[in-house]
Amino acid sequence: MDQLDRATQIVRSALFVPGDRPERFAKALAAGADRVIIDFEDAVEESAKPGGRDSLQAFLQQNPEAGVWVRINSTGHDQYQADVDFCNREPGVAGIMLPKAEDPALVMQLSECGKPLWLIIETATGAATLSLLAATPGVERLCFGSIDMAVDLALEEGTQGGQHMLNTLRAGVILHSKLNRLAPPLDGVYPAIADVSGLAESVKNSQGMGFGGVLCIHPSQVSVIHESLTPSANEVDWARRVREAALSQLGAFKLDGRMIDAPVLARADRIISLASLPF
């Protein structure tokens, strides 16, 4: 996949499922998320991590077309290399998510597996090396780990100051994604599963900042995320009229009193693409 393909790839939702809960793998894949991520890291107890690999291996043997992603353990963890080796040899693993991404040299080494990488920026060191991480070959997408980042920086949960700091760091993830023509970044999880309105508001805020979608932790969140990111009927009508008018125009032109040029056409195309996706 070349840079242009990555930069336009739409992923609205990426659903985590614990790697040691194989009975949930098929349910997660049926939930309608754009990507399913089998989690070998935070969701799995230390003693269960080797068993998580065995469970996924058995599932992929029976479901070779599943195309799941895997969040491996971080580079300093004693299960890291075993996770990497597993992902390398399993064709059913479509890509690798690296938590606590910090060292560009180690990311470069990981990229030798040939599978696309998603990096989670969730530590102060990761934020400090963000420009180098985003420029590393093999990286397809950046994700923002807001919960871990808040802990690492000792931010006060729920305060304006803490939220301002997190949004400042989010801006860096969005900026460096764009500069390196990566796929649109994903914002962090919304942990209050039952708070549907709060999730919807959070997703709209993430979209407004420039995120392409969000990570999530429960199948019930998927439809809320997709609905929140679906363009309104008025937006779709505008986008289609822009595209129809562009067929008979050369270069920039005016529509409804507004100048239409290449960036606006790109926005219209994205609206049409989002509107065509299923909930």
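The values are calculated or read from the model by the stated rules, or taken from the named source; none is laboratory data. Small disclaimer: the values here were computed from a predicted structure and weren't measured. Here the Cβ positions follow ideal geometry from the backbone for every residue, glycine too, while neighbour counts run over all protein chains shown.
Below, the figures for the structure above:
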quantity	calculated
Given (1) in contact (Cβ under 8 Å) with a residue 40 or more places away in the chain; (2) surrounded by 14 or more Cβ atoms within 10 Å (Cβ to Cβ); (3) on the phi < 0 side of the Ramachandran plot, number of the condition F86 does not satisfy	(1)
Lone qualifier among A200, A192, A245 - being aliphatic (A, V, I, L, M), in the same structural domain as R24 (by TED's automatic domain parsing) and surrounded by 14 or more Cβ atoms within 10 Å (Cβ to Cβ)	A200
Residue tally, condition among the β-branched types (V, I, T) and touching a residue at least 40 places away in the same chain (Cβ under 8 Å), over the range 173-190	2
Residues satisfying the stated conditions in the range 105-121, i.e. touching a Gly at 6+ places or on another chain (Cβ under 7 Å) and within 20 Å of D187 (Cα to Cα)	P116, L117, W118, I120, I121
Which numbered condition G92 fails, given (1) in contact (Cβ under 8 Å) with a residue 40 or more places away in the chain; (2) out of contact with any Ser or Thr (no Cβ under 9 Å at 6 or more places or on another chain)	(1)
Among the candidates E227, E244, E235, residue that is more than 20 Å from Q207 (Cα to Cα) and assigned to a helix (DSSP H, G or I)	E244
Tabulated pairs, the range 224-243, first over 9 Å from A275 (Cβ atoms) and in contact (Cβ under 8 Å) with a residue 12 or more places away in the chain, second of a type in the set (K, R) and not in a helix (DSSP H, G or I), C-beta under 8 angstrom, 6+ apart or interchain	I225/R12; H226/R12; L229/R12
Boolean, Q81 is free of Cβ contacts under 8 Å to residues at least 40 places away in the same chain and more than 22 Å from G52 (Cα to Cα)	no
Those residues of the range 132-146 which are assigned to a helix (DSSP H, G or I) and either in contact with a Phe, Trp or Tyr (Cβ under 9 Å, 6 or more places away or on another chain) or closer than 8 Å to E122 by Cα (or both), in sequence order	S146
